[in-house]
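Beneath this line is the structure, given in structure tokens, with notes to follow.
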Amino acid sequence: MTTQIVRGRRRATGPAPEPRPAVAVQADRPRDAHRDERRGRRSPFRQVTDFAAASGVGQKAGIALAATGLVLTVTVPATGPVMAMDAGSTAGALSATVQPDVTAAEAKIDFNRTAVTTQSDPDGKLKQLLSAQSAGSITRAASSGSLGAPLGQLKTASPFGYRVSPITGGSGEFHRGQDYAAQCGTAVLAAASGTVTFTGWHPYGGGNRVVIDHGNGLETTYNHLSSASVKVGQQVSRGAAVAMSGTTGASTGCHLHFEVMVNGEVVDPTGWL
């Protein structure tokens, strides 16, 4: 006898089951108690970007600034508040200040200066030097270029200091000035503005001589002149013609003997030219 096994799902032969009753869904589902608090708290990054967009800085700029992680201070026009926030602070503290109105009357600018001198104002430079200190204490570096050339062209014939005398041929003669070669009748120019204190014959070999006082112990002298065109007490300007070169006095030919005197003592003229 064989047994047949039937595979498959057996169909129900009984009555159909009744449908399950519908369960009412609760209207208010329980939520996380801290959900609303977390939503109200914006991250520092979000705070910066939202403020940047609201104040006109721009969202991209706000993102770039927030990414730095530094304190961000943004100033907006006077119609809005000035707000500062710390990107590292979770509180994102905000402070608002009102910008004061600035008027032209409050902006005070002082253009007064005690002295203004440039390379194009050598008389101003000389005046400032002499007013600041005695001529004897002025260094060579400070005095250089403060006097103008006494001739249109300077060609040294004999320098300042000890030399062999062109008159006697003896050595060890102290030359008190600087000799410049110049044809007789060449215009001699004032080295700086000043007052003529002497014009006439120099008894110690200078021949016809002009002396100009520039103030505070500084003087210049012009020697061996053929003639002078100024008189004592006359005010002269830098570069003004005061005489004509010559060969008067202890001279061996036409030239200009130029001296610079500080408090009555001669100094090397090249330190002032």
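The values are calculated or read from the model by the stated rules, or taken from the named source; none is laboratory data. Just so we're clear, the structure is a prediction, and the values are computed from it rather than from any experiment. A quick note on method: Cβ atoms are made from the backbone with ideal geometry, for glycine too, and the neighbour counts reach across all protein chains shown. Surface accessibility is based on the protein's heavy atoms, side chains included, excluding ligands, DNA and RNA. Shrake-Rupley method; radii C 1.70, N 1.55, O 1.52, S 1.80 Å.
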For region 123-273, calculate the relative contact order in percent as a whole number, restricting contacts to Cα pairs under 8 Å that are 6 or more residues apart.
28
Mean accessible surface per residue for region 140-273, computed with a 1.4 Å probe while every protein chain stays in place, in Å²:
45
Fraction of accessible area attributable to carbon and sulfur, region 223-273 (%, probe 1.4 Å)
53
I want the local charge near Thr247. Using Cβ-Cβ distances under 15 Å, sum +1 for each Lys or Arg and -1 for each Asp or Glu among the other residues.
0
Sparsely packed trypsin sites (Lys or Arg not before Pro) within region 128-167, loop by DSSP, other Cβ within 10 Å at most 16:
Lys155
Coil-residue chymotrypsin sites (Phe, Trp or Tyr not before Pro) of region 188-273, DSSP, other Cβ within 10 Å capped at 12:
Tyr204
